[in-house]
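Here is the structure we will look at.
Read the figures in this text as sums done on the coordinates, not as results from a lab. Since this is a predicted model, take the numbers as computed values, not measurements. In this analysis, Cβ positions are derived from the backbone assuming ideal geometry, glycine residues included, and neighbour counts consider all displayed protein chains.
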Amino acid sequence: MMERAGPAHAEALAAIHHAAFPPGQRWGRDAMVLQLELPGVFVLYDPAGAMVMARIAADEAEILTLAVLPDQRRQGLARILLEEAARQCEAVGAGTLFLEVATRNEAARALYAAQGFEEIGRRRGYYADGDDALVMRRMLTPAPAGPV
Ligand SMILES: CC(C)(COP(=O)(O)OP(=O)(O)OC[C@H]1O[C@@H](n2cnc3c(N)ncnc32)[C@H](O)[C@@H]1OP(=O)(O)O)[C@@H](O)C(=O)NCCC(=O)NCCS
């Protein structure tokens, strides 16, 4: 069951990230706490072993990271987290959702394509291993601005 994560979940989030990413791309506990304290950042967390972190800034939002434990993949956990993250971004008025993905990351690229993200740019040599980053965007349907 998905929940909003806070600093108390930082250890669990880091454990998922550690298992999901190779050395050099892992975010530790402290990095999770720092991110969670930034304005507009939120994390959705599934205790089964999945997490997504996003940042909302006015009418734009960005997926900062997404990770699912290797033995929990292909059950739809990432799709559910992404959908809910997009819904929460819309609810506070975001009209676009951006992310970056390595060209070699076929699983993530397939997921994002299936979730309505389109390639809008490329950052050459963006990753430490020399891979390019694809910049992807999904249009959202923002809720009308509420009272401030
Ligand atoms: C990418 C990742 C988050 C996907 O998580 P997941 O929970 O397995 O994804 P889902 O089960 O929700 O997949 C939804 C759809 O995405 C696509 N997809 C996901 N993994 C795929 C794979 N390995 N190969 C092909 N398509 C894949 C499929 O269309 C899938 O639907 P289907 O299972 O009905 O065919 C996971 O593989 C992961 O944590 N990878 C390492 C970290 C990472 O790369 N994060 C993203 C960085 S940008």
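Brief remarks on what is shown
- Segment 83-140: trypsin sites (Lys or Arg not before Pro) in DSSP loop, at most 13 other beta carbons within 10 Å: 104, 124
- Distance from segment 90-142 to segment 30-61 (C-alpha centre basis), Å: 16 Å
- With the simple spin-label model, which puts each label point 7 Å out from Cα in the Cβ direction, the residue 59 to residue 104 separation comes to 3.9 nm.
- Debye intensity ratio I(q)/I(0), log10, segment 65-148, q values 0.11, 0.14, 0.19 Å⁻¹ (C-alpha model): -0.35, -0.55, -0.90
- Couplings for segment 131-144, taken from phi via the Karplus curve 6.51 cos²θ - 1.76 cosθ + 1.60 with θ = phi - 60°, read 5, 7, 9, 8, 9, 10, 9, 10, 6, 10, 10, x, 5, x Hz in order; Gly and Pro are left as x.
- Computed FRET value (nearest 0.05) for residue 128 with residue 48, which takes r as the C-beta separation and R₀ as 30 Å: 0.50
- Options 45, 143, 80, ranked by Cα towards positive dipole end of the chain, top entry (Cβ charges): 80
- Each of 2, 51, 136 was scored by other Cβ atoms within 10 Å of its Cβ. Arranged with the fewest first, they read 2, 136, 51.
- Burial ordering of 80, 63, fewest other beta-carbon atoms within 10 Å first: 80, 63
- The chain - mean residue ellipticity at 222 nm from DSSP helices (-39,500 (n - 2.57) per run, n ≥ 4, rounded to 500): -9000 deg cm²/dmol
- A straight chain from residue 19 to residue 34 at 0.36 nm per residue would run longer than the Cα-Cα distance by 3.4 nm.
- For residue 60, the residues 5 or more places off, or on other chains, whose built amide H falls under 5 Å of its own are 95.
- In order along segment 25-33, the Karplus-derived 3J(HN,Hα) couplings, from 6.51 cos²θ - 1.76 cosθ + 1.60 at θ = phi - 60°, round to 10, 8, 9, x, 4, 5, 5, 4, 4 Hz, and Gly and Pro are given as x.
- Listed values for segment 80-91 are Karplus-derived 3J(HN,Hα) couplings in whole Hz (6.51 cos²θ - 1.76 cosθ + 1.60, θ = phi - 60°), namely 5, 5, 4, 4, 5, 4, 4, 4, 5, 5, 4, 4, and x replaces Gly and Pro.
- Distribution of pairwise C-alpha distances over segment 3-139, 10 Å bins, in %: 12, 43, 40, 5
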